[in-house]
Every structure is written in structure tokens, then in C-alpha cells.
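For reference, the structure discussed in these notes is given below.
The values are calculated or read from the model by the stated rules, or taken from the named source; none is laboratory data. Nothing here was measured: the structure is a model prediction, and the numbers come from that model. Here the Cβ is made from the backbone with ideal geometry for all residues, glycine too, and neighbour counts use every protein chain on show.
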Amino acid sequence: MEKINSIYDIVDADALQEMQDNFAKAFGMGFISVDYKGNPIGEYSGFSEFCSRGREDSAFKNLCYQCDAHGGLHTAITGKPHIYICHAGLLDFAIPFIYDGEYYGAMMGGQISTYFEDVRMDKGLERVIERKVNWEKNPELVEKYKNVYKMPFDRIEAVMNLMFNHTQRLLKEGSHKRAQEALEVKNAQILEERSRRIELEKSLRENQQFSAAAALKSVNLFSSLNTISRLAFIEEAKSTENAVYVLSDMLRYTSEKRDSQVSTVGDELTYAENYLKMQRIRLEDRLNFEIDLDEDFYNIACPFMILQPIVENAVEYAVQPRKEGGNIKIKGVQRGEDLIISIEDDGNGISKETVENIMNEEFSLRTEVNRYDLHNINKRLTGIFGKKYKLKIENVSEGMGTIVHLKLPVRSNLVK
């Protein structure tokens, strides 16, 4: 549940203001809500002409604030409404905003006179502070004071208690709403986690089916590659021999990891580098590549077969179509608790529409892209590590180059 910083985080501001305005109109009293420091919040309601005019004087207003602070402090301590006499001799009261044991402010009401001259003695009330501003020398204030609305003391208490009941109702409604919102957030998280788990299980099943078929092929492939390698050695075809060794390493990696969804950054980087070496044999000087990733990151967990498909896209779309070829760079940097791996090319860039299509599952299925497409990589990233960890595609600059970023968690995901 979100942290509460203000009474408005619990109670609807408009509902509180409307209640305050209605009470002011119905009972001829002045009302204002204050925060836990005593600072006014919201709009004034029904302030008497005497109090409004008096507060235009800074000294008078400061005394009003001191009275409000006293009322707020008393009601914060007791948790109950508190009635008192202000510095100008009028009756005021404070109603606490208390939620879950914490005081967040108060509703200040009153600015009213009473018919009982001995109310202080009969009701045990005392003036909060002694008068320090001699407003009685101001004819205008004296005249306005005469027009202050008078009400029997018992009725003032009744209004105070009625307001207290209404504020309690608003607080309960706000509490219920917050609890409901927290429940909805929790349910959404559960549904999201369930959906993520279903997607991951689906991806696992697909991977197992793919791996089973690949395993049957790999036995014959290794045998054939060994034969070719021996033949290349006999014929002193060094380039062919090296290519066979690289290809053998690639096949061995996919064969050994076929039943796993998780590998390491180091193993994935080696596989991607071997792929680039194979493409370099084919494209010769048209393909240049650079790898800049600290070995300290090699043991970090990452999804199996996550780098090579991105590198393959860079070769296919950014290097191969151009006569002059192109450059590919793989680099990694740590940002906080995350590792960002970037695969950058210097091709013609990628349109926003293409990026949206790539990341759209329906489009991917409709166009029958292979199972290691970028959309699938993004699904596996979020499926294994959570929605924070995903794939991001962007242009280096307008119409020039593409960068694919992968975000991985650094800690608590080391493969032993």
C-alpha cells in the first residue's frame, strides 16, 4: 500500500471540501481543514466577516494560527473533538483526522459566539491564549464582532459531534477504498505473475520439442564434422579445419544446453562470437566485429540462445545487404543492479513500425518467424527475470544504425 503523506491520500479532497462547505452554510459557522503542522489546506468555508477582516492583520492572523495549533495538538493527543475559546473570545473546535493511529490534521470549526456569559466556568473552558492584539480599538472590527452569529453552547457541541461523525465516515470510506485499491493491485500482480508463468512454461515446452529434434540431428552432424575435419587436416586446408572446429563448438554448446532455459553471459558470448567467426569466413573483410564485455560479468545468468539471434539479425539486415559490409559491436555495462548488453550495428537503422511489429506476438505468429525471434527473446527475458528485464530496440541516430539492448540482473542470478 502506498505511503500516506497527506489527509488527501485517505479522504477525497472534493468530498471533504463539499462537506465543509455544506456545514458552513447549514450552521453559520466557519470551517477550515489543516494539516498535521496546522497549515491550512483546501478552501475556507463560511468565515465570518470579523475573522476574515481580522486575519488581514498579520499579528491577528498569527494568534489565530496559534489557537488552531493548540486545538489541533489537543485533539491529536486525545483523538477526540476539542472545543476552546480563541484569542478573540469566540468559540472554536478541532476535529481530528486520525487514520491507523496516525494524526494527519484536523477540521477547525467555529468562529461563533454563545449566549452563556459564564460558559468558561460552566463547561470548564479556558481561553487558549491571552489577547495580545487589541482589536477592540478598531471600530470596524468592533462592528463586525457584533454581527458574529450566536448559538447556544449545547448546539455548538452538537454540530461539533455531528461533524466528527461525518469525518469518521469519510475516513472509513477512504480506508475501505485504499484497501480495495491495494487488493486490486495485488490481484493484478498475481494475474501478471500467472500469465508470465504460463508464457514461460509454453516457451519451455517449445524449447524441449526443438531440443529433442536437434538432439537427433546432432549425433550425425558431429560424426560428419569429425570426418570433414580429418580430411581438411590431411589436405592441409587450414581455414576449412578451423571453420569445422568453430562449428563443432557451436553444435556442442546447443546440444549440451538443449534441456536448459538458462545459460551464462560468458557461454552465450562465446557462442555469438563463434557465429561471427563463421560469418567472417563467408563475408571476409565485409564483416568486422568487436566485443567489449568485462569477464567479471561472464558468470551472470541469462536465457539460453539469447545473443546469437540478435547478432544474426545484424549480419542479415545491416551487413550482408551492403556492398561495403558493416560493423557489429557487442558491449556490456553495469547500471546499478543491472547489466545492460548492447548489440550495435552501423546499418540503415530500423523504423518505429518495424520495431512495433517485431515485438508484437500476433504479427510474429502470422509471419511465421523462427522461434528465436526478438519477440520470443523478450518473452523469455521477462518470463525468467520479471517484467523489468526486457529487450529494447532503438536507432543509433536518424536512419543510421540499430542498437538492441538486453537488461539482466547482476546479483542473485549467478550460475554456479
Q. Taking into account only those residues within region 255-276 that are outside any helix (DSSP H, G or I) and not small (G, A, S), which is modelled with the highest pLDDT?
A. T264
Q: Kindly indicate whether any position in region 291-312 is farther than 23 Å from K390 by Cβ and in contact with a strand residue (DSSP E or B) (Cβ under 8 Å, 6 or more places away or on another chain).
A: no
Q) List the pairs whose first member sits in region 53-82 and is in contact (Cβ under 8 Å) with a residue 40 or more places away in the chain and under 22 Å from L162 (Cα atoms), whose second member is polar (S, T, N, Q) and part of a helix (DSSP H, G or I), and whose Cβ atoms are under 9 Å apart, counting only residues at least 6 apart or on separate chains? A) P81/T75; P81/N161
Q.
Can you find a residue that is modelled with pLDDT under 85, farther than 24 Å from A15 by Cα and over 46 Å from the mean Cα position of the chain (by Cα) anywhere in region 106-114?
A. yes
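I need the strands (runs of 3 or more DSSP E) fully contained in region 300-416, keeping only those with at least 2 residues that are charged (D, E, K, R), under 28 Å from N288 (Cβ atoms) and modelled with pLDDT of 85 or more.
So the answer is 326-335, 338-345, 391-397.
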Q: Give me a count of the residues in region 35-84 that are over 37 Å from the mean Cα position of the chain (by Cα) and assigned to a helix (DSSP H, G or I).
A: 21
Q: Test each condition in (1) crowded, with 16+ Cβ neighbours inside 10 Å; (2) touching a strand residue (DSSP E or B) at 6+ places or on another chain (Cβ under 8 Å); (3) not aromatic (F, W, Y) for L141 and report the one that comes out false.
A: (2)
